[in-house]
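Right, one structure below, let's go through it.
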Amino acid sequence: MPVAAAILMLIDELRVELPGETEQAADTEMRKKDENGELEYVRRTEGMPAEEAAAIAVEMVGDRKKTEDEPPA
């Protein structure tokens, strides 16, 4: 069981598409948000010590969560 769970986690984390899976519009949008967030994080934390970079990551997650929890206008 732990091996199967690890394999499923790796597939999910590496975003491996399995045969028969089709990407939905919501998945594409989430992937774009993730990529943009990663680029922004790298830009904002370049050359920072790990503790400061972690604080930036926490701030960015909080900001993203707020925007995702707001109802669409």
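The values are calculated or read from the model by the stated rules, or taken from the named source; none is laboratory data. Fair warning: this is a prediction, and the values are worked out from it, not measured in the lab. Using ideal geometry, Cβ is built from the backbone for each residue, glycine included, and neighbour counts are taken over all protein chains shown. Surface areas here come from the heavy atoms of the whole protein model, side chains and all, with no ligands, DNA or RNA. Shrake-Rupley method; radii C 1.70, N 1.55, O 1.52, S 1.80 Å.
Could you give the accessible area per residue of the chain, probe 1.4 Å, as a whole number in Å²?
In whole numbers, the chain has 88 Å² accessible per residue.
Over the chain, what percent of the accessible surface lies on carbon and sulfur atoms, probe 1.4 Å?
That fraction is 61 percent.
With axes computed from alpha carbons, what is the tilt in degrees of helix 2-13 against the longest principal axis of the chain, rounded to the nearest 10 within 0 to 90?
60 degrees
Under the rule of -39500 (n - 2.57) per DSSP H run of 4 or more residues, summed and divided by the residues of the chain, what mean residue ellipticity at 222 nm is obtained, to the nearest 500 deg cm²/dmol?
-24500 deg cm²/dmol
Which longest uninterrupted range of the chain lacks any GluC sites (Glu not before Pro) assigned by DSSP to a loop state (not H, G, I, E or B) and surrounded by at most 12 other Cβ atoms within 10 Å?
That would be 47-73.
What label, among (i) 21, 61, 17; (ii) 15, 33, 33, 18, 1; (iii) 17, 36, 26, 19, 2, belongs to P(r) over Cα pairs in 10 Å bins from 0, in percent computed from the structure on display?
(ii)
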